[in-house]
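This report concerns only the one structure given below.
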Amino acid sequence: MESSIFKFKKEASFSCTKKYNQFLNWVSGEFDLFLQDETNGLEVYFPEGSFKIKDSNEKENIVAHINLNSKVEKKAKIFLPK
């Protein structure tokens with residue numbers, strides 16, 4: 001077992017709130033078997049870690065901040081975008 005925390009950060013831009021919300025709904029659907037918290041963006045919990053998607057609170061050119069943290073890098077890579 002690895003002792004350090006594996007972290008991954010990425011940003012995705014959206015031209016409007018509607019497209020950002022569609023993205024959140026799609027991600028939520030892809031991970032519907034995992035515990036999720038939608039109170040402030042979307043946080044998905046998986047064994048040994050979680051990832052969170054939160055917007056930048058801007059009206060135009062919404063930027064989604066995607067942060068993944070995992071205790072096991074090998075398992076975290078399953079959740080990373082290709």
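The values are calculated or read from the model by the stated rules, or taken from the named source; none is laboratory data. The shown structure was predicted, so the numbers you read here are calculated from the model rather than taken from an experiment. Glycine also receives a Cβ, built like all others from the backbone with ideal geometry; neighbour counts cover every protein chain displayed. All accessible areas refer to the heavy atoms of the entire protein, side chains included, with ligands and DNA or RNA removed. Shrake-Rupley method; radii C 1.70, N 1.55, O 1.52, S 1.80 Å.
Taking region 1-39, which GluC sites (Glu not before Pro) meet the DSSP loop condition and have no more than 15 other C-beta atoms within 10 Å?
When the GluC sites (Glu not before Pro) of region 1-39 are filtered for loop state and at most 15 Cβ neighbours within 10 Å, GLU2, GLU38 remain.
Would you please classify the overall shape of region 3-48 from the alpha carbon gyration tensor, given that a ≥ b ≥ c denote the square roots of the eigenvalues, rounded means a/c under 1.5, and beyond that prolate means a/b larger than b/c while oblate covers the rest?
oblate
Suppose accessible area is computed on protein heavy atoms with a 1.4 Å probe; arrange THR39, THR17 from highest to lowest.
THR39, THR17
Work out how much length LYS7 to ASP32 would gain on full extension: take 0.36 nm times their residue separation and subtract the Cα-Cα distance, in nm to one decimal. Don't jump to the answer; show the numbers that get you there.
On the way: separation 25, 0.36 × 25 = 9.00 nm, distance 2.23 nm.
Stretched fully, the LYS7-ASP32 segment lengthens by 6.8 nm.
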